[in-house]
Amino acid sequence: MDQCLQVGPTAATHIAHRRTTPVDYLPSNSLSPPAINERGQLTAKEMLNLVRDHIWEILKVTGIVVALAVAYIFIATPIYSADVLVRVDPPEQNPLGIAIQNQETLPPPAPSSTTEMAVMLSRSVLQPVIERYRFDISVKPRTIPLLGDLAEKFATPGHPAAPWLGLKSFAWGGERVQITSLDVPQSLEEEKLNLVALDGGQYELLGPSNEVLLRGTAGKPANSNGVSMLVANLVARPGTSFEVIRWNSLDAVKRFSNVVKVTEKVKESGLIEMEYSDTSRGMAVEVANALAQQYLSAAVASRQVNDSKTLAFINGELPRLLADLRRAEEELRSFRESSNAMQPTTEAQALLQGGLDFDRQIATLQVQRTLTMERFTPDSRWVQNIDKQLADLKDAKAKFDSRFGAMPSSQRKGVDLERNAKVAETIYLGMVQKAEQLSVRRASTTGGAHIVDPAIKPLHPVKPNRPLVLAGGAALGVISGVFLVFMRRHVMTGVTDPLFVERRLSVPVLGEILFSPQQVQLNPDTVGAARKALPSYGRTTGPFRRSSYVPYPFESTAGATAPHGGGSVLAGRYPNDPSVEALRAVRTALTRDLAHAPNNIVMLTGPTPSAGKSFVAANLAVLHAEIGCKVLLIDADMRRGHLASYFGMSNRGGLSEVLSGQIPLRNALRYVGSDGMSFLACGERPDNPAALLMRQTFKDLLAKLSKQFDLVIVDTPPFLAVTDASIIASEAGATILVLRSGMQSEDEIADTVKKLERAEGRIVGAVFNAIPQLRSKRSYVYPTNYASDTGQMNTAS
């Protein structure tokens, strides 16, 4: 036996050591470990690499989403907004026209803007506008979603478009219908009614069960079955349907309030903005101004009512106040005549002035208490505040009067009478003046609110907001693209991380082989055919089916002829290809393992089809022959083997004929053009390949070939597909598990490893095949450039 391989008896010990220390045997060109933390979450670096590796896919998704956003901008009905700016005056603080000592005794006026904003959205303001423009009746043409919206963009208003696809009952743009009156029984409120246009401007109204409610003509009232209706205008093709709903008054107000927006322009400024949105520019302006005018009308009416109530109260109090004034004046005159009173002293003047202030405040609070009692109960805080103020003023007045106890009684009485007369005069004159003001204001048309800026016709729609939609579409497209790439890579595809095999299954990775465009050139037809079949083998969740066993993209079908007559093995045609360099690393690792294996038989298998085991087997055989080893390559896949096509040969006259005794071994061994390399094809398809492999003849054959060659490489069927590989595993001194990046699931790989161990197979490691070259994996740049330089030096030499 040659010295290229040394096989020893300590394989079990060495394999056990290899299974527990997989990282020590990583090849030099292995992938960098992904930046994933201990919890299995992607880090920022891994996410950046993910985006960089799949940038074109993300850009495609982004382009699709942006295209949808552009389509939405084109199809969506534009919404226009018109607004009115209203200034609200603050509530009057002194409704009676007389000053009071402390404003805390009165109920504080409600915040003007907050109260008026609620009034603007009240039924008293919205209901008249709803009835004026018939917003309690909704009419919508029956259209096909999206298609109908698109057709409407090309239609001319007032000229119904021809039906698309022959669908005459649908509206296709240009239709007009105006219902000015619709009264239905309560049972039909908010029910979907169907208005169907007929010939000659006629129509019929159908109920929820398609029963005919009434028939009529546009421009003429119609009444039948408790339903009265007036269609002012109807322009539509005969047979066109419209959905009609008569909304309940309360629900109509709620729906209408959703499109009316009331906001305070500046906080606590009294400036309020009323905004209305509609599909028509003119309607938006008209309704916005109508809302403002209706609010002003309601404010004027409310103010007139309040002024009338206050004026009535004042007019009711004036006769009593006048009588009190005359009585006070008469008592003062009589006292002065009877006592011949002279000019009051300084002390009397002080008593008069101080007492006058107290009496004026007490009288004012008493009048105010009478007015407050019309709005609040005696237990309310406002009435109690007035009572407390009255008590405090009376106590203060009593203390003030006690300071003048030594004053002569005649002087004191005169001061009191003069003070009463002046207080009565002040209150009476103030109330008379206020009554005159209220009479004038009640006849005015202002209600404490004014329109600052009326609504004007807008030029551009507020919806759809084109810059916002485009920016949002681009952002959503990028997010969707990254999400889809992440889901496809980590959820919908198989294992792509070689470290999973090492860490979770304790199987060392001998090498990672890049996807080779050169191999695609060698087998263009079979690669294209296999790629079409790949989606059905990406991730399998159930048991593996034999019917899905198809060749790997790098593999050819039986009977194919290799190009250029030199075979289609990548290592023989393109020895400097990066994939071949990775295979040389596998050869190095395999050579070290075989030094401790019980024999020199190496079996290659994979969990599922299309993993590339035949590709790896053929290239390893060529590479071992390259270093002077005497190598035999056996195609043991007697079901769908096709290794012969790599060398431009047929399968006939191979392993199946040798095992069945049809031909001798020496006639089956073939020379493939590489020094030191022989090939044994799979032969014709037998009826029961597993039975042939179970015979002692096969074991004897392997033992004989093991002595004749330095290395025997056996290519087997997929391990989970059939039992052939499990039969051969126990006879091989080493087993290499070939995996394709993203093809096999975690469960499939784990199941293969477990079954190989049960079959007494000795796994020396795994090979990751057909790894796509990613932008984030810089470790592949050096070998690629090095191989290119090597080729140039060889050419130069």
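Here are a few things to note about the model shown:
- Among the trypsin sites (Lys or Arg not before Pro) within region 221-301, those in coil by DSSP and having at most 12 neighbouring Cβ atoms inside 10 Å are 267.
- Modelled spin labels at residue 335 and residue 263, positioned 7 Å past Cα toward Cβ, are 6.5 nm from each other.
- In sequence order, region 255-266 has phi-based couplings of 5, 5, 5, 6, 9, 9, 10, 10, 9, 8, 5, 10 Hz under the Karplus curve 6.51 cos²θ - 1.76 cosθ + 1.60, θ = phi - 60°, and Gly or Pro positions carry x.
- In terms of accessible area, using a 1.4 Å probe and ignoring ligands and nucleic acids, 52, 237, 758, 123 rank largest first as 758, 123, 52, 237.
- Taking 0.36 nm per residue of separation and subtracting the current Cα-Cα distance, fully stretching the chain between residue 59 and residue 595 would add 187.9 nm.
- Taking every alpha-carbon pair in region 611-706 and binning the separations at 10 Å intervals from zero gives 16, 50, 31, 3 percent.
- Nearest-10 value in Å² for the accessible area of residue 164, using the 1.4 Å probe: 80 Å²
- Nearest-0.05 FRET efficiency for residue 487 and residue 251, computed from C-beta distance (R0 45 Å): 0.55
- R0 of 51 Å, Cβ-Cβ distance residue 223-residue 89: FRET efficiency to nearest 0.05: 0.60
- Extension reserve of the residue 115-residue 67 stretch, reckoned as 0.36 nm per residue once the Cα distance is removed: 12.6 nm
- Whole-number accessible area per residue in Å² for region 626-698, which is evaluated in the context of all protein chains at 1.4 Å: 43 Å²
- Stretched out straight at 0.36 nm per residue, the stretch from residue 666 to residue 691 would grow longer than its current Cα-Cα span by 6.7 nm.
- Pairwise FRET efficiency - residue 312 versus residue 394, Cβ, R0 = 35 Å, nearest 0.05: 0.75
The values are calculated or read from the model by the stated rules, or taken from the named source; none is laboratory data. Fair warning: this is a prediction, and the values are worked out from it, not measured in the lab. Note that we place each Cβ from the backbone using ideal geometry, even for glycine, and neighbour counts take in every protein chain shown. We work out accessible area using only protein heavy atoms, side chains counted, and drop any ligands, DNA or RNA first. Shrake-Rupley method; radii C 1.70, N 1.55, O 1.52, S 1.80 Å.
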